[in-house]
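Notes follow once the structure below has been shown.
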Amino acid sequence: RGEQTQFYLLPLNGGEARQLNNLPQGVAGGPVWSPDGSAIAFSATIEEDEPIDPDIPFRVTRHVYRFDGIGYLDALIHDLYLVDVADGTIRQLTDDVNHNTAPQWSPDGRRLLFTVSMRPDTHNNYAPELAILDLSEPSISMPQIDIIVSANWGDASSIAAWLPDSRTVAFVGQVGGLPIGSKSDLFVVDTEGGLPENRTAGFPEGVGGRMQPDMPAAAFFTANALPISSDGSDAYVKAQIGGTIQIWRVALDGEESFNVVMDGD
């Protein structure tokens with residue numbers, strides 16, 4: 001009926017659902033609960049004064065301005081938001097022309113990891129960059145965005161996760177300059193600075209494998225799980241071995257080490 005999707009809170013011990021927010025453009029991605037349960041991070045499209053009318057001319061300011069199966073990007077890119085669970089107050093965290101999606105709270109609840117893609121000044125929109133927002137200062141209305149894995153390094157992916165130290169991030173990606181079809185590897189990077197470290201350089205197959213859809217919508221609008229052990233020593237990744245998708249355990253520190261957890265058909 002034209003109504004926008006919003007968040008509702010439903011008591012687990014029974015009772016009626018309570019609507020938490022009422023964004024004019026609705027909610028697009030999330031919810032992601034903060035570790036202390038006080039806030040929810042999510043993404044939403046930009047609220048437009050006048051929607052684009054494809055029947056009349058309009059100015060294009062992006063190198064890539066539309067995708068099959070997605071449409072015109074200006075109307076579909078996301079910004080990040082926080083909603084306070086207690087009173088429903090909404091705080092906008094990003095306000096740019098990039099596609100900011102898949103937020104993940106650091107275990108200490110002070111920062112958000114997310115992906116940045118669809119930059120207007122590049123033709124390479126398929127591989128997102130990884131960025132963080134510092135939320136430790138609530139008085140700052142628009143937190144600074146720090147890119148921790150940039151397009152200058154190579155191609156990251158939305159398959160990423162915090163380690164328990166709230167300082168290190170593991171992610172699947174490729175260094176720049178490799179031919180199309182090269183294998184992806186699992187990397188770890190210190191969010192305080194430094195180059196990503198490859199943890200699967202000796203692994204013969206690529207990690208993070210999945211069926212590749214014809215349309216890019218799934219890659220842009222969904223996050224991919226990268227489970228991390230409770231002590232931060234290992235990550236669990238998917239790997240395509242022949243016609244199967246297997247699960248492997250990869251050590252995140254020390255000597256390179258990986259072993260299969262689940263294989264077969």
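The values are calculated or read from the model by the stated rules, or taken from the named source; none is laboratory data. As the structure is a computational prediction, the values presented were derived from the model and not from experiment. Neighbour counts are summed over all protein chains in view; Cβ atoms, including those assigned to glycine, are modelled from backbone coordinates with ideal geometry. Only protein heavy atoms, including side chains, enter the accessible area calculation; ligands, DNA and RNA are left aside. Shrake-Rupley method; radii C 1.70, N 1.55, O 1.52, S 1.80 Å.
Observations on the structure shown:
- Percent RCO, i.e. relative contact order, over the chain, from Cα pairs under 8 Å lying at least 6 residues apart: 11
- Accessible area per residue (1.4 Å probe, heavy atoms of protein chains only) ranks T244, T94 as T244, T94, with the largest value leading.
- In terms of accessible area, using a 1.4 Å probe and ignoring ligands and nucleic acids, R59, R111 rank largest first as R59, R111.
- Accessible area per residue for the chain, computed on protein heavy atoms with a 1.4 Å probe, is 55 Å².
- Surface composition of the stretch 74-188: carbon and sulfur atoms hold 50% of the protein heavy-atom accessible area at a 1.4 Å probe.
- With all protein chains modelled, accessible area of M142 [1.4 Å, Å²]: 80
- Residue-level accessible surface for T61, protein heavy atoms, 1.4 Å, Å²: 90
- Taking all protein chains together and a 1.4 Å probe, the residues R167, R249 rank R167, R249 from largest to smallest accessible area.
- Coupling constants for the stretch 68-84 follow from the phi torsions by the Karplus curve (6.51 cos²θ - 1.76 cosθ + 1.60, θ = phi - 60°), and in residue order they are 4, x, 10, x, 6, 5, 4, 8, 10, 5, 10, 10, 9, 9, 10, 10, 6 Hz; glycine and proline get x.
- In order through the stretch 8-23: 3J(HN,Hα) via Karplus (6.51 cos²θ - 1.76 cosθ + 1.60), integer Hz, x for Gly, Pro: 10, 9, 10, x, 6, 9, x, x, 7, 6, 10, 5, 9, 9, 8, 6
- Theoretical gain in end-to-end length, E255 to N198 [0.36 nm per residue, Cα-Cα removed]: 19.4 nm
- The charge dipole of the chain, taken about its Cα centre with unit charges on the Cβ atoms of Lys, Arg (+1), Asp and Glu (-1) only, comes to about 400 debye.
- Between T122 and R66, the contour length at 0.36 nm per residue exceeds the Cα-Cα span by 18.9 nm.
- E3 - accessible surface, heavy atoms, 1.4 Å probe, Å² rounded to 10: 130
- Potential extension, S141-M262 segment - 0.36 nm per residue separation minus Cα distance: 39.0 nm
- Computed from phi, the 3J(HN,Hα) profile of the stretch 252-265 under the Karplus parametrisation 6.51, -1.76, 1.60 (θ = phi - 60°) reads 9, 8, x, 5, 4, 8, 8, 8, 6, 9, 8, 10, x, 7 Hz, with x in place of Gly and Pro.
- The stretch 1-150, dipole about Cα centre (Lys/Arg Cβ +1, Asp/Glu Cβ -1), debye to the nearest 20: 340
- More than 35 Å apart - percent of Cα-Cα pairs taken over the chain: 20
- In the chain, helical runs assigned H by DSSP with n ≥ 4 each contribute -39500 (n - 2.57); averaged across all residues and rounded to the nearest 500, the mean residue ellipticity at 222 nm is -500 deg cm²/dmol.
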